[in-house]
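Here is the structure we will look at, set down as C-alpha coordinates.
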Amino acid sequence: MKDILTAPSLQEFCRTTSNMYRLGWDERNGGNISLLLDEAQVGAYLDLDHVIRTIPTGFDAKALIGKLFLVTGTGKYFKNMERDPETNLGIIRIAKDGTTAELLWGYADGGKFTSELPAHLMSHMARLSVNPENRVVMHCHPTYTLAMNYVHELDEKKFTHTLWEMCTECIVVFPDGVGVLPWMLCGTNEIGEATAEKMKEFRLVVWGMHGIYGVGKDLDETFGLIETVEKAAQIYMLTAHLPRVNTIKDDELQVLAEAFGVNYRKDYLNL
Ligand code: 2HA
Ligand code: ZN
(Lines give C-alpha, C1' and ligand atoms only; values in the text may rest on other atoms or scores of the structure.)
(Ligands and ions follow the chains in the order given, each with its own letter.)
Protein backbone atom coordinates (compact mmCIF):
# COMPACT_ATOMS: atom_id res chain seq x y z
CA MET A 1 0.00 0.00 0.00
CA LYS A 2 1.24 3.46 -0.86
CA ASP A 3 1.05 6.29 1.68
CA ILE A 4 -2.20 8.19 1.12
CA LEU A 5 -0.49 11.45 2.10
CA THR A 6 1.59 11.14 -1.09
CA ALA A 7 -1.47 10.71 -3.34
CA PRO A 8 -1.44 13.47 -6.01
CA SER A 9 -5.18 14.15 -5.72
CA LEU A 10 -4.97 14.56 -1.94
CA GLN A 11 -1.97 16.86 -2.27
CA GLU A 12 -3.67 18.96 -4.92
CA PHE A 13 -6.79 19.15 -2.76
CA CYS A 14 -4.72 20.48 0.16
CA ARG A 15 -2.90 22.99 -2.03
CA THR A 16 -6.28 24.20 -3.30
CA THR A 17 -7.69 24.73 0.20
CA SER A 18 -4.53 26.65 1.17
CA ASN A 19 -4.87 28.85 -1.89
CA MET A 20 -8.51 29.53 -1.18
CA TYR A 21 -7.70 30.41 2.41
CA ARG A 22 -4.98 32.82 1.34
CA LEU A 23 -7.35 34.46 -1.14
CA GLY A 24 -9.68 35.20 1.78
CA TRP A 25 -12.49 33.03 0.47
CA ASP A 26 -12.58 30.69 3.48
CA GLU A 27 -12.41 32.47 6.79
CA ARG A 28 -12.58 30.35 9.94
CA ASN A 29 -14.42 27.13 8.98
CA GLY A 30 -16.03 28.72 5.92
CA GLY A 31 -16.25 26.68 2.75
CA ASN A 32 -16.19 23.01 1.85
CA ILE A 33 -15.09 20.84 -1.06
CA SER A 34 -15.90 17.33 -2.22
CA LEU A 35 -13.95 15.42 -4.84
CA LEU A 36 -15.24 12.24 -6.47
CA LEU A 37 -12.36 9.76 -6.34
CA ASP A 38 -11.47 6.98 -8.70
CA GLU A 39 -11.90 3.68 -6.86
CA ALA A 40 -9.00 1.99 -8.67
CA GLN A 41 -6.66 4.82 -7.69
CA VAL A 42 -7.79 4.88 -4.06
CA GLY A 43 -7.30 1.10 -3.88
CA ALA A 44 -3.54 1.63 -4.24
CA TYR A 45 -3.54 3.66 -1.01
CA LEU A 46 -6.33 2.28 1.17
CA ASP A 47 -7.84 -1.10 2.02
CA LEU A 48 -11.32 -0.56 0.60
CA ASP A 49 -12.70 -3.34 2.82
CA HIS A 50 -11.70 -1.56 6.01
CA VAL A 51 -14.48 0.73 7.18
CA ILE A 52 -13.38 2.79 10.20
CA ARG A 53 -16.93 3.79 11.13
CA THR A 54 -20.23 4.62 9.49
CA ILE A 55 -21.93 8.01 9.62
CA PRO A 56 -25.56 8.67 8.57
CA THR A 57 -25.90 11.37 5.92
CA GLY A 58 -29.54 12.23 6.60
CA PHE A 59 -30.66 11.89 2.99
CA ASP A 60 -30.83 9.44 0.13
CA ALA A 61 -27.99 9.46 -2.39
CA LYS A 62 -28.89 6.21 -4.21
CA ALA A 63 -27.34 7.35 -7.47
CA LEU A 64 -23.98 7.56 -5.68
CA ILE A 65 -23.93 4.14 -3.96
CA GLY A 66 -20.38 2.78 -3.87
CA LYS A 67 -18.82 6.07 -4.90
CA LEU A 68 -15.86 7.46 -2.97
CA PHE A 69 -15.41 11.12 -2.05
CA LEU A 70 -12.68 13.14 -0.43
CA VAL A 71 -14.60 15.68 1.67
CA THR A 72 -13.63 18.53 4.00
CA GLY A 73 -14.61 18.05 7.64
CA THR A 74 -17.30 19.95 9.48
CA GLY A 75 -15.99 22.83 11.56
CA LYS A 76 -12.54 22.48 10.05
CA TYR A 77 -10.45 25.38 8.80
CA PHE A 78 -9.15 25.52 5.21
CA LYS A 79 -5.95 27.06 6.54
CA ASN A 80 -5.14 23.86 8.46
CA MET A 81 -5.86 21.21 5.83
CA GLU A 82 -2.45 21.09 4.21
CA ARG A 83 -0.72 20.76 7.60
CA ASP A 84 -2.98 18.00 8.94
CA PRO A 85 -5.07 16.35 6.22
CA GLU A 86 -6.01 13.31 8.28
CA THR A 87 -7.85 15.36 10.91
CA ASN A 88 -9.40 17.91 8.59
CA LEU A 89 -10.42 15.69 5.66
CA GLY A 90 -12.07 12.34 5.19
CA ILE A 91 -12.59 9.75 2.49
CA ILE A 92 -16.11 8.36 2.53
CA ARG A 93 -17.98 5.79 0.46
CA ILE A 94 -21.73 5.93 0.04
CA ALA A 95 -23.00 2.65 1.48
CA LYS A 96 -25.45 0.26 -0.15
CA ASP A 97 -28.43 1.85 1.64
CA GLY A 98 -27.66 5.22 -0.03
CA THR A 99 -28.07 7.05 3.30
CA THR A 100 -24.90 6.08 5.17
CA ALA A 101 -21.32 7.19 4.63
CA GLU A 102 -18.58 4.63 5.31
CA LEU A 103 -15.46 6.33 6.57
CA LEU A 104 -12.34 4.81 4.98
CA TRP A 105 -9.80 7.41 6.07
CA GLY A 106 -9.58 10.72 7.94
CA TYR A 107 -11.69 12.73 10.40
CA ALA A 108 -9.08 11.37 12.81
CA ASP A 109 -10.37 13.36 15.79
CA GLY A 110 -13.78 11.66 15.59
CA GLY A 111 -15.21 14.36 13.33
CA LYS A 112 -17.33 14.04 10.23
CA PHE A 113 -17.97 15.52 6.82
CA THR A 114 -19.09 19.08 6.15
CA SER A 115 -22.57 20.13 7.22
CA GLU A 116 -23.11 20.99 3.56
CA LEU A 117 -22.85 17.35 2.45
CA PRO A 118 -26.47 17.37 1.17
CA ALA A 119 -25.70 20.27 -1.21
CA HIS A 120 -22.50 18.53 -2.29
CA LEU A 121 -23.88 15.05 -2.96
CA MET A 122 -27.08 16.34 -4.52
CA SER A 123 -24.99 18.61 -6.77
CA HIS A 124 -22.75 15.67 -7.73
CA MET A 125 -25.87 13.70 -8.69
CA ALA A 126 -27.27 16.60 -10.71
CA ARG A 127 -24.00 17.25 -12.53
CA LEU A 128 -23.22 13.61 -13.21
CA SER A 129 -26.65 13.35 -14.85
CA VAL A 130 -25.69 16.06 -17.35
CA ASN A 131 -21.91 15.52 -17.48
CA PRO A 132 -20.35 12.22 -16.40
CA GLU A 133 -16.94 13.93 -16.22
CA ASN A 134 -17.91 16.04 -13.22
CA ARG A 135 -15.87 15.27 -10.09
CA VAL A 136 -15.70 18.42 -7.96
CA VAL A 137 -18.14 20.48 -5.92
CA MET A 138 -16.62 23.54 -4.26
CA HIS A 139 -18.19 26.06 -1.90
CA CYS A 140 -16.61 29.23 -0.52
CA HIS A 141 -17.24 32.84 0.50
CA PRO A 142 -15.30 34.98 -1.99
CA THR A 143 -15.20 38.57 -0.75
CA TYR A 144 -16.18 40.62 -3.79
CA THR A 145 -18.78 38.14 -5.00
CA LEU A 146 -20.38 38.37 -1.59
CA ALA A 147 -20.10 42.17 -1.52
CA MET A 148 -21.81 42.32 -4.90
CA ASN A 149 -24.75 40.37 -3.44
CA TYR A 150 -25.59 43.40 -1.28
CA VAL A 151 -25.62 46.03 -4.00
CA HIS A 152 -26.71 44.16 -7.13
CA GLU A 153 -30.07 42.60 -7.91
CA LEU A 154 -30.05 38.86 -7.21
CA ASP A 155 -31.46 38.03 -10.62
CA GLU A 156 -29.66 35.35 -12.63
CA LYS A 157 -29.79 37.11 -15.94
CA LYS A 158 -28.83 40.53 -14.59
CA PHE A 159 -26.15 39.16 -12.26
CA THR A 160 -24.56 37.08 -15.03
CA HIS A 161 -24.76 39.95 -17.51
CA THR A 162 -23.00 42.31 -15.12
CA LEU A 163 -20.21 39.78 -14.55
CA TRP A 164 -19.82 39.13 -18.28
CA GLU A 165 -19.37 42.88 -18.82
CA MET A 166 -16.57 43.14 -16.25
CA CYS A 167 -13.80 41.09 -17.90
CA THR A 168 -13.45 40.00 -21.49
CA GLU A 169 -12.83 36.38 -20.54
CA CYS A 170 -16.00 35.92 -18.47
CA ILE A 171 -18.44 34.90 -21.19
CA VAL A 172 -15.85 32.44 -22.48
CA VAL A 173 -15.16 30.91 -19.05
CA PHE A 174 -18.76 30.68 -17.86
CA PRO A 175 -20.99 30.98 -20.94
CA ASP A 176 -23.65 29.04 -19.05
CA GLY A 177 -23.88 31.93 -16.58
CA VAL A 178 -24.37 32.01 -12.84
CA GLY A 179 -27.47 30.67 -11.13
CA VAL A 180 -28.68 32.55 -8.08
CA LEU A 181 -30.54 31.36 -5.01
CA PRO A 182 -32.11 33.77 -2.51
CA TRP A 183 -30.84 33.72 1.07
CA MET A 184 -31.70 30.33 2.53
CA LEU A 185 -30.77 28.46 5.68
CA CYS A 186 -27.51 26.62 4.99
CA GLY A 187 -26.71 23.05 6.00
CA THR A 188 -30.20 21.76 5.14
CA ASN A 189 -31.54 19.29 2.60
CA GLU A 190 -33.73 22.14 1.23
CA ILE A 191 -30.78 24.30 0.20
CA GLY A 192 -29.12 21.13 -1.12
CA GLU A 193 -32.11 20.36 -3.32
CA ALA A 194 -32.39 23.95 -4.54
CA THR A 195 -28.66 24.02 -5.36
CA ALA A 196 -28.79 20.71 -7.21
CA GLU A 197 -31.79 21.89 -9.24
CA LYS A 198 -29.77 24.92 -10.39
CA MET A 199 -26.76 22.70 -11.07
CA LYS A 200 -28.67 20.95 -13.84
CA GLU A 201 -28.32 24.21 -15.82
CA PHE A 202 -25.40 26.09 -14.24
CA ARG A 203 -21.88 25.21 -13.08
CA LEU A 204 -21.91 28.18 -10.74
CA VAL A 205 -24.60 28.98 -8.18
CA VAL A 206 -24.57 31.99 -5.88
CA TRP A 207 -26.10 31.44 -2.48
CA GLY A 208 -27.57 34.88 -1.80
CA MET A 209 -25.60 36.78 0.83
CA HIS A 210 -23.64 33.66 1.73
CA GLY A 211 -21.22 32.56 -0.99
CA ILE A 212 -20.89 30.53 -4.13
CA TYR A 213 -20.91 26.92 -5.35
CA GLY A 214 -18.91 25.80 -8.33
CA VAL A 215 -18.65 22.43 -10.02
CA GLY A 216 -16.25 21.02 -12.56
CA LYS A 217 -14.29 18.07 -13.85
CA ASP A 218 -11.28 18.78 -11.66
CA LEU A 219 -10.06 21.10 -8.92
CA ASP A 220 -8.36 23.51 -11.32
CA GLU A 221 -11.39 23.94 -13.54
CA THR A 222 -13.72 24.47 -10.58
CA PHE A 223 -11.34 26.84 -8.80
CA GLY A 224 -10.88 28.72 -12.08
CA LEU A 225 -14.62 29.21 -12.50
CA ILE A 226 -14.99 30.72 -9.04
CA GLU A 227 -11.79 32.74 -9.45
CA THR A 228 -13.09 34.27 -12.68
CA VAL A 229 -16.43 35.22 -11.10
CA GLU A 230 -14.59 36.70 -8.13
CA LYS A 231 -12.30 38.75 -10.39
CA ALA A 232 -15.29 40.13 -12.29
CA ALA A 233 -17.10 40.90 -9.01
CA GLN A 234 -13.98 42.71 -7.82
CA ILE A 235 -13.94 44.90 -10.93
CA TYR A 236 -17.63 45.56 -10.41
CA MET A 237 -17.16 46.56 -6.78
CA LEU A 238 -14.22 48.80 -7.67
CA THR A 239 -16.25 50.63 -10.29
CA ALA A 240 -19.93 50.38 -9.32
CA HIS A 241 -19.92 53.74 -7.55
CA LEU A 242 -18.07 55.54 -10.35
CA PRO A 243 -19.49 56.94 -13.59
CA ARG A 244 -19.30 54.20 -16.25
CA VAL A 245 -17.47 55.62 -19.26
CA ASN A 246 -16.78 52.39 -21.16
CA THR A 247 -18.30 48.98 -21.25
CA ILE A 248 -18.15 45.78 -23.29
CA LYS A 249 -21.32 46.00 -25.37
CA ASP A 250 -23.68 43.09 -25.89
CA ASP A 251 -22.86 42.78 -29.59
CA GLU A 252 -19.18 42.56 -28.58
CA LEU A 253 -19.96 39.85 -26.03
CA GLN A 254 -21.72 37.98 -28.81
CA VAL A 255 -18.71 38.35 -31.15
CA LEU A 256 -16.47 37.10 -28.34
CA ALA A 257 -18.59 34.07 -27.51
CA GLU A 258 -18.88 33.15 -31.16
CA ALA A 259 -15.14 33.61 -31.80
CA PHE A 260 -14.43 31.14 -28.98
CA GLY A 261 -17.23 28.83 -30.07
CA VAL A 262 -18.85 28.62 -26.63
CA ASN A 263 -22.47 27.72 -26.08
CA TYR A 264 -23.57 30.86 -24.24
CA ARG A 265 -26.98 31.81 -22.88
CA LYS A 266 -28.16 33.97 -25.77
CA ASP A 267 -31.21 35.16 -23.84
CA TYR A 268 -28.88 36.76 -21.27
CA LEU A 269 -27.74 39.30 -23.87
CA ASN A 270 -29.99 42.20 -24.84
CA LEU A 271 -29.62 42.15 -28.60
O1 2HA B 1 -18.91 24.95 6.48
O2 2HA B 1 -19.38 27.48 4.57
O3 2HA B 1 -21.94 26.98 4.39
C4 2HA B 1 -19.02 26.31 6.54
C5 2HA B 1 -19.86 26.84 5.46
C6 2HA B 1 -21.29 26.56 5.52
ZN1 ZN C 1 -20.69 28.69 3.45
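The values are calculated or read from the model by the stated rules, or taken from the named source; none is laboratory data. Everything numeric in this text was worked out from a predicted model, so none of it was measured. Here Cβ is always computed from backbone atoms with ideal geometry, including for glycine, and neighbour counts include all displayed protein chains. Protein only, heavy atoms only, side chains kept; ligands, DNA and RNA dropped before computing areas. Shrake-Rupley method; radii C 1.70, N 1.55, O 1.52, S 1.80 Å.
Only residues that are touching a residue at least 24 places away in the same chain (Cβ under 8 Å), open to solvent by 10 Å² or more (accessible area, probe 1.4 Å) and more than 16 Å from ligand 1 (Cβ to nearest atom) were counted in segment 60-85, giving 8. Looking only at residues in segment 20-59 that are farther than 19 Å from Thr87 by Cα and in a helix (DSSP H, G or I), the one that is least open to solvent (accessible area, probe 1.4 Å) is Gly43.
Taken as a whole, the condition of being within 16 Å of ligand 1 (Cβ to nearest atom) and within 22 Å of Asp267 (Cβ to Cβ) does not apply to Pro142. Among the helices (runs of 4 or more DSSP H) confined to segment 139-231, the ones with at least 3 residues that are more than 22 Å from Gly30 (Cβ to Cβ) are located at 156-166, 170-173. Before we move on, is Leu64 at pLDDT 95 or above, under 26 Å from Val205 (Cβ atoms) and in contact with a strand residue (DSSP E or B) (Cβ under 8 Å, 6 or more places away or on another chain)? Judged against the criteria, Leu64 is a match.
For segment 208-221, how many residues meet the condition of being within 16 Å of ligand 2 (Cβ to nearest atom) and touching a residue at least 60 places away in the same chain (Cβ under 8 Å)?
7
Of all the residues in segment 157-185, those that are within 16 Å of ligand 2 (Cβ to nearest atom), open to solvent by 20 Å² or more (accessible area, probe 1.4 Å) and closer than 18 Å to His124 by Cβ number 0. Got at least one residue in segment 65-77 being away from ligand 2 (no atom under 16 Å from the Cβ), among the aliphatic types (A, V, I, L, M) and not in a strand (DSSP E or B)? Checking segment 65-77: at least one residue is away from ligand 2 (no atom under 16 Å from the Cβ), among the aliphatic types (A, V, I, L, M) and not in a strand (DSSP E or B). The sole residue among Ala101, Ala119, Ala194, Ala95 that is within 16 Å of ligand 2 (Cβ to nearest atom), surrounded by 17 or more Cβ atoms within 10 Å (Cβ to Cβ) and free of Cβ contacts under 8 Å to residues at least 60 places away in the same chain is Ala194. The number of residues in segment 177-191 that are within 11 Å of ligand 1 (Cβ to nearest atom), of a type outside the set (Gly, Ala, Ser) and touching a residue at least 40 places away in the same chain (Cβ under 8 Å) comes to 3.
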